[in-house]
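Worksheet: one structure, shown below.
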Amino acid sequence: MAELTLTGKNPTALKVDALVVGTCKTSDGLAVVADQLPAGLVHQIESLAPQLGLSGSRDEVRKLPAGDGVKAPVLVLTGLGEREADGTFAAETLRRATGAAVRELAGTTAVAVALPTSTEDDLAAVVEGALLGAYSYTEHRTGDVATKQAPVSSIEVVTGFARSQRANAAVERARVVAEAVHGTRDLVNTPANLLYPASFAEAAKATAKNLKNVKVTVLDEKQLAAGGYGGLAGVGQGSARPPRLVKVAYTPSKPSGHVALVGKGITFDTGGISIKPAAGMQAMTMDMAGAAAVLHTVAAAARLGLDVAVTAYLCLAENMPGSNAQRPGDVVTIRGGTTVEVINTDAEGRLVMADGIVAAIEDGHDTVIDIATLTGAAMVALGTRVSGIFGDRDVRDALVEAGTVAGETVWPMPIPEEMRPSLKSGVADLANIAPDRWGGALVAAAFLKEFAGDTPWGHLDIAGPAYNEKAPYGYTPAGGTGHGVRTLLAYLESRAG
């Protein structure tokens, strides 16, 4: 991860490869948002903005020769859009503009960022955006391509709070957050021939190694079968690489609460016997994004020393159409005894998650939150950048607030009472899908709610924003995004006080 420092020096005097400053939209056109830049340079940029095609819009990043008076050879202009009514910029605006600029500077070594930080909260957003933007997945690249795509390695953030204790604490938190998001992105981007249930379990152990008060427990396929984890066993039985349930528990000495995070970890999803179309199936390496998110959220909570206990349940399986795969019409028994008729083997995520939710409740947590790339229907409803949040009202609203604070786009969703009857089965307690296609994300949430019982419960469907198949934007790269980590961590911080 990039090395980041704070400095109170004049940005024009910093010997870096590029200096990042802001631009914004005004009633007269464009304004440069940067202190201490030469007045002549500012006037020249603002007057030539139309000819240069500069608008100051969000995600607009332009590189110009810095000219005389600036030590850095390159000046990078990153768009902030319009100011808020009070003349400031929202935290997410600063986070995104910084991340966009740093991301565009991949292949550059040293960068300075001089965006407006009128408060320590502004500074925290700039720092977090810079570190989130300093990411590239080059694990399988060779030669010059890997070098050209390498993320920025050194970042100096110019601020008047360089000596502030609170500001430096915000920098440390941003490092922890970025490390968790990057770790999640790496797992999501890892090809399925390299990341499968057993290797994912080993990755969880490696992540937890040397973390204080963290313990990892792994149940293999024999233990899952013996323990009645019929969802995981059923989904995983079609693959030569058997399922796992991994528990990563962080337990501080005097916890203020006990939260369980259950993550869907389908390391590759063919759809099973109900096989998916070939087009786009390669993206199904991302169907374990929920498990990756909960693993690294727990790691971040431990690094921050939060006083809330939190356990991640990684529900890991590979959904393959092998000779032993479960069939449409099969009945499986979830941990705890509920039977489910498998109408469609491509609705497999809710089966493994049901096992994880029951296990979490058995372990006595006061709140259970699950996160999954669960339904294409969530993408139909909310698009590719918004996750849906379901669940008991108090938990759902707290998660929405946490997502808003963290800068992740989330939306509260209902579970209408008519969804539960649509899951009736003629041979089992539940069917895994409804007979029609409408409201698929709501139906899936209703299915999971059956296993939460009376325990306060929330559900994040991150099918859209967990994986970016289009062009990068802001601090969000193509491929794995790490979505959900910041929302979950902000929720845990609110619980920890």
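The values are calculated or read from the model by the stated rules, or taken from the named source; none is laboratory data. Because the structure is a prediction, the values reported are computed rather than measured. Neighbour counts run over all protein chains shown; Cβ positions are idealised from the backbone, glycine included.
Kindly evaluate L374 against the criterion of being in a helix (DSSP H, G or I) and either buried (at least 17 other Cβ atoms within 10 Å of the Cβ) or small (G, A, S) (or both). No.
Criterion applied to L52, L6 was being surrounded by fewer than 18 Cβ atoms within 10 Å (Cβ to Cβ), within 29 Å of S136 (Cα to Cα) and not polar (S, T, N, Q), and the one residue passing it is L52.
The set of residues in the range 100-125 that are buried (at least 24 other Cβ atoms within 10 Å of the Cβ), hydrophobic (A, V, I, L, M, F, W, C) and more than 14 Å from L19 (Cβ to Cβ) comprises A100, L123, A125. For the structure I just gave you, tell me whether A150 is in contact with a Gly (Cβ under 9 Å, 6 or more places away or on another chain) and either outside the structural domain of G407 (by TED's automatic domain parsing) or buried (at least 24 other Cβ atoms within 10 Å of the Cβ) (or both). Here the answer is yes, as A150 does meet what is asked. For the range 161-185, what are the residues that are over 14 Å from G133 (Cα atoms), out of contact with any Gly (no Cβ under 6 Å at 6 or more places or on another chain) and not aromatic (F, W, Y)? Residues satisfying the conditions are R163, S164, Q165, R166, A167, N168, A169, A170, V171, E172, R173, V176. In summary, V235 fulfils each of the numbered conditions (1) more than 24 Å from the chain's Cα centre (by Cα); (2) of a type in the set (A, V, I, L, M, F, W, C); (3) surrounded by fewer than 24 Cβ atoms within 10 Å (Cβ to Cβ) with the single exception of condition (3). When you check V70 against the structure, is it closer than 17 Å to V158 by Cα, in the same structural domain as V102 (by TED's automatic domain parsing), in contact with a helix residue (DSSP H, G or I) (Cβ under 7 Å, 6 or more places away or on another chain) and surrounded by 15 or more Cβ atoms within 10 Å (Cβ to Cβ), yes or no? Taking the combined requirement at face value, the residue satisfies it.
Here V294, V332 are screened, and the one residue that is surrounded by 19 or more Cβ atoms within 10 Å (Cβ to Cβ), in contact (Cβ under 8 Å) with a residue 24 or more places away in the chain and under 21 Å from the mean Cα position of the chain (by Cα) is V294. Within the range 73-92, the set of residues being among the charged types (D, E, K, R) and either buried (at least 17 other Cβ atoms within 10 Å of the Cβ) or touching a strand residue (DSSP E or B) at 6+ places or on another chain (Cβ under 8 Å) (or both) comprises E82, R83, E92. Would you call G272 of a type outside the set (V, I, T) and surrounded by fewer than 24 Cβ atoms within 10 Å (Cβ to Cβ)? No. Checked against (1) surrounded by 13 or more Cβ atoms within 10 Å (Cβ to Cβ); (2) in a helix (DSSP H, G or I); (3) free of Cβ contacts under 8 Å to residues at least 40 places away in the same chain, V171 meets all criteria but (3). One residue is enough: does the range 376-388 have a residue meeting the conditions in contact with a Lys or Arg (Cβ under 9 Å, 6 or more places away or on another chain) and either under 17 Å from L261 (Cβ atoms) or of a type in the set (K, R) (or both)? No: the range 376-388 contains no residue that is in contact with a Lys or Arg (Cβ under 9 Å, 6 or more places away or on another chain) and either under 17 Å from L261 (Cβ atoms) or of a type in the set (K, R) (or both). Which one of these is surrounded by 16 or more Cβ atoms within 10 Å (Cβ to Cβ) and either out of contact with any helix residue (DSSP H, G or I) (no Cβ under 8 Å at 6 or more places or on another chain) or farther than 18 Å from V352 by Cβ (or both): G426, G440, G464? The conditions single out G464. Looking only at the range 138-147, residues that are surrounded by fewer than 14 Cβ atoms within 10 Å (Cβ to Cβ), in a loop (DSSP other than H, G, I, E, B) and not small (G, A, S) come to 3 in all. Among the residues of the range 383-429, the ones that are closer than 29 Å to P328 by Cα, of a type outside the set (S, T, N, Q) and either assigned to a helix (DSSP H, G or I) or not assigned by TED's automatic domain parsing to the domain that holds I462 (or both) come to 5 in all.
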